[in-house]
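Just below is one structure, and these are the notes that go with it.
No lab work stands behind these numbers, since they all come straight from the coordinates. This one's a predicted model, so the numbers in the text were calculated from it and none came from an experiment. Quick reminder, even Gly has a Cβ in these numbers, built from the backbone with ideal geometry, and neighbours come from all protein chains shown.
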Amino acid sequence: PDDPSPHAHGGPGLDRSPFLLACRRRPVPHTPVWFMRQAGRSLPEYLRLREGVPMLESCARPDMIVEITLQPVRRYAVDAAIFFSDIMVPLKAIGVDLDIKPGVGPVIADPIRDAAGLGTLRPLEPGDVPYVTEAVRGLVGELGSTPLIGFAGGPFTLASYLIEGGPSKNHDRTKAMMYGEPRLWAALMDRLADLTIAFLKVQVAAGASAVQVFDSWVGAVSPQDYRESVLPHTSRIFDEIEPLGVPRIHFGVGTGELLGLMGEAGADVVGVDWRVPLDEAVRRVEPGKALQGNLDPAVLFAPWETVERRARDVLDRGRTAEGHIFNLGHGVLPSTDPDMLARLADLVQEAGAGEQ
Ligand code: 1CP
């Protein structure tokens, strides 16, 4: 039923990419592996390059984007690259006054809490992010047969930053709007879904071969609230991206109780954090989906023998899925030893070979 994309995105050899095959639930030569937040965290070559350059400036410079995206591919020979950017970049590009502060994260000058604030969010045009188009084009040429994953923030996660004004533990004001002003909430989610769709389209038009929606903080809501207040917007994102013909991945943290609904929202691949074993995730997600995950990123602080045992356990459980992309259960933690990630990538590519 699911034919591969009629048009190849990116460079030659991509039709045999283990990552893209696994997303499509097709046989693979080895279990593909990449790491969320593999670009721009612990690598010394990244820290050197970023010295004196603010985060948002580095996201607007094609030369830096290309180099930072390629660094983990060179080091780890992972099966996919992820575009170096941030979920806040499209908001910045439409004129939202925001900064990404070191050690803090995104900070919004004027949080959006009413209809007037909502009115300041305009649609994203491709011309707003020329550096994204230029960097994706450059990357696709450099990456050859390694696919490039484009990404954007999910609507709940973007709404939380906009409403709270920065990182939040309990998402109080966000939920206050969701429960107390459902019409304003729906209008905001609608605009954020449009923004995500537009940002993903720019990346795919320039040559990205897959997309991931990071709704990182959506695990904060109950299944009932997810179904009513989030899912309609996320479904629209995946519906509108479908005609582009690239695999769509949907990820959030602490989403054990939402995995079924996240599958229903329409992505091809559901990302699973480390809290739910993959064989249990298979039971929670409807058939016809591949899974991505889910080694606890903190396991990488243990001795190699432990990492290896835990990684093999993830691989074993992943074999019960229709397709499995090995990843961490969330992003690489900043103090992770790059050599551990290199060994892990090797282990997955060797252990997962010829066993399909
Ligand atoms: O995978 C990669 O390494 C590519 C680059 C990437 C991605 C995919 C960055 C660079 N950010 C993101 C996505 C992102 N940004 C998410 C979703 C993924 C996740 O859950 O980890 C989120 C929630 C953000 C928001 C954000 N940006 C935070 C989190 C703050 C919080 O609420 O806890 C932070 C710290 C940033 C800054 C940021 N983004 C990226 C980097 C390298 C940095 C650090 C920059 C710096 O301080 O210099």
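Restricting attention to segment 112-128, does a residue exist that is within 13 Å of the ligand (Cβ to nearest atom) and touching a residue at least 40 places away in the same chain (Cβ under 8 Å)? Even if it seems obvious, please write down each step before you answer.
Of all residues in segment 112-128, those within 13 Å of the ligand (Cβ to nearest atom) come to none.
Checked against the condition, which is being within 13 Å of the ligand (Cβ to nearest atom) and touching a residue at least 40 places away in the same chain (Cβ under 8 Å), segment 112-128 yields no hits at all.
Looking at (1) crowded, with 16+ Cβ neighbours inside 10 Å; (2) farther than 23 Å from V246 by Cα; (3) more than 11 Å from the ligand (Cβ to nearest atom), which one does V73 not meet, given that it meets all the others?
(2)
Filter segment 200-229 down to the residues that are over 17 Å from the mean Cα position of the chain (by Cα) and within 16 Å of the ligand (Cβ to nearest atom) and list them by number.
Passing the criteria: A220, V221.
Has segment 142-165 got any residue that is among the polar types (S, T, N, Q) and over 22 Å from P106 (Cα atoms)? Even if it seems obvious, please write down each step before you answer.
So the first thing to find is which residues in segment 142-165 are among the polar types (S, T, N, Q), and the list is 145-146, 157, 160.
Narrowing the set further to residues that are over 22 Å from P106 (Cα atoms) leaves 145-146.
Within segment 142-165 (the criterion being among the polar types (S, T, N, Q) and over 22 Å from P106 (Cα atoms)), the answer is yes, since at least one residue qualifies.
What about G271, is it of a type in the set (G, A, S) and out of contact with any helix residue (DSSP H, G or I) (no Cβ under 7 Å at 6 or more places or on another chain)?
Numbers: of a type in the set (G, A, S): yes; out of contact with any helix residue (DSSP H, G or I) (no Cβ under 7 Å at 6 or more places or on another chain): yes.
Here the answer is yes, as G271 does meet what is asked.
Listed here are the residues, each with its yes/no results for (1) surrounded by 16 or more Cβ atoms within 10 Å (Cβ to Cβ); (2) hydrophobic (A, V, I, L, M, F, W, C).
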site: G154; (1), (2): yes, no
site: E181; (1), (2): no, no
site: V204; (1), (2): yes, yes
site: L231; (1), (2): yes, yes
site: P243; (1), (2): no, no
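Give the residues of segment 58-70 that are more than 13 Å from E142 (Cβ to Cβ) and near the ligand (Cβ under 10 Å from one of its atoms), sorted by residue number.
Step one: of segment 58-70, the residues more than 13 Å from E142 (Cβ to Cβ) are 58-61, 64.
Scanning segment 58-70 gives S58, C59.
In segment 20-57, which residue that is in contact (Cβ under 8 Å) with a residue 60 or more places away in the chain and within 11 Å of the ligand (Cβ to nearest atom) is surrounded by the most Cβ atoms within 10 Å (Cβ to Cβ)?
Here the answer is Q38.
How many residues does segment 204-221 contain that are among the aliphatic types (A, V, I, L, M), assigned to a loop (DSSP other than H, G, I, E, B) and within 20 Å of F19 (Cα to Cα)?
Narrowing segment 204-221 to residues among the aliphatic types (A, V, I, L, M): 204-206, 208, 210-211, 213, 218, 220-221.
Restricting the remaining residues to those that are assigned to a loop (DSSP other than H, G, I, E, B) gives 206, 208, 221.
Now narrow it down to the ones that are within 20 Å of F19 (Cα to Cα): 206, 208.
The number of residues fulfilling the criteria is 2.
Scan segment 83-107 for residues that are among the aliphatic types (A, V, I, L, M) and either more than 12 Å from the ligand (Cβ to nearest atom) or touching a Ser or Thr at 6+ places or on another chain (Cβ under 6 Å) (or both) and report the count. Step through it out loud before you land on a result.
Step one: list which residues in segment 83-107 are among the aliphatic types (A, V, I, L, M), which gives 87-89, 91, 93-94, 96, 98, 100, 104, 107.
With the extra rule that they be either more than 12 Å from the ligand (Cβ to nearest atom) or touching a Ser or Thr at 6+ places or on another chain (Cβ under 6 Å) (or both), the set shrinks to 93-94, 96.
The qualifying residues number 3.
In segment 37-89, what residues are within 16 Å of the chain's Cα centre (by Cα) and of a type in the set (K, R)?
Result: R37, R41.
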